[in-house]
Amino acid sequence: MDALSVAEKETTQYIVVKIQSEQYGLNIGYVDNIVRMQKITRVPKTKEYFKGIINLRGEIVPVMSIRLRMGRDEDVFTNNTRIIILKIEDEGLLGIIVDEVKEVVNLSSDEIEPSGGKDSFINGVGKNGNELISLLEVSSIVENTEGN
C-alpha cells in the first residue's frame, strides 16, 4: 500500500519562464544551464528563428528565439532576458531565448491536464495554485530545426 501512495505523489519539476505575457513550463530534465543574454553571432542562411550561436565555456551552442519559433513577435531584450541551455538527446546543446525565468515548480500528474496535438509546442497545462502554466513539448520545438 505504501508504494502506491508514494507513486501517486510523484512530481516533475518545471522551470517556469515568461514568453511575452504568458507563463510556460520547461521540464527541468532538459535544462543544462541558464545564462544571461549575451552577444549572439549570426549565422547566414538559417531559419529566421535561429538567432545564431554563442560560445558557452568553449562550446559553440546554437540559439533560437522561442518567440519566433512559436510565431510570436520579435524578441525584446531586457535585464530579465535569459538563454536556457537545453540538453537534447542525440543533438547536443541548444539555447532558447526567454523573456524571464520566474521559478521552479513541482507538478504531480493530477495537476497536469494533457493537451495539444501532434504538431503542438504544448503537451499539457499545469495548475500551480490558481495559475496555469502551459507545458512546453521540447521535442516539438527542436524538431525540424536542423539545417536551413
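Odds and ends about this structure:
- Within a Gaussian network of the chain (alpha carbon springs, distance under 10 Å), most fluctuating of S115, S134, S21: S21
- A Förster radius of 30 Å combined with the Cβ-Cβ distance from K45 to Q20 puts the calculated FRET efficiency at roughly 0.60.
- Along segment 25-41 the Karplus relation, 6.51 cos²θ - 1.76 cosθ + 1.60 evaluated at θ = phi - 60°, assigns HN-Hα couplings of x, 10, 4, 5, x, 8, 8, 8, 6, 10, 10, 5, 4, 9, 5, 10, 8 Hz to successive residues, with x for each Gly and Pro.
- In order along segment 60-70, the phi-based Karplus estimate (6.51 cos²θ - 1.76 cosθ + 1.60, θ = phi - 60°) of 3J(HN,Hα) comes to 7, 10, x, 10, 10, 8, 5, 4, 5, 4, 8 Hz; Gly and Pro are listed as x.
- For segment 79-95, Karplus couplings with θ = phi - 60° (6.51, -1.76, 1.60), whole Hz, Gly/Pro x: 5, 8, 4, 9, 10, 8, 8, 9, 9, 9, 4, 6, 10, x, 9, 9, x
- Residue order, fewest to most surrounding Cβ atoms within 10 angstrom, among K51, K127: K127, K51
- Point-charge dipole on Cβ atoms (K/R +1, D/E -1) for segment 37-148, about Cα centre, debye to 20: 560
- Shown for V104, V17, V125: other C-beta atoms within 10 Å of each C-beta, ranked fewest to most, produce the order V104, V125, V17.
- Neighbour counts of other Cβ atoms within 10 Å put F77, F50 in the fewest-to-most order F77, F50.
- Near M37, the amide H atoms lying under 5 Å from its own belong to I83; only residues 5 or more places off or on other chains count, and H is placed 1.01 Å from N.
- Cα pair distances in the chain, grouped into 5 Å bins until the bin that holds the longest one, percent each: 2, 9, 19, 21, 20, 13, 7, 4, 2, 1, 0, 0
- Once the Cα-Cα distance is subtracted from the 0.36 nm per residue extended length, the E131 to F77 segment shows a gain of 16.9 nm.
Bear in mind these aren't lab numbers, they're just calculated from the coordinates by the rules spelled out. Because the structure is a prediction, the values reported are computed rather than measured. Note: ideal-geometry Cβ built from the backbone for every residue, glycine included; neighbour counts use all protein chains shown.
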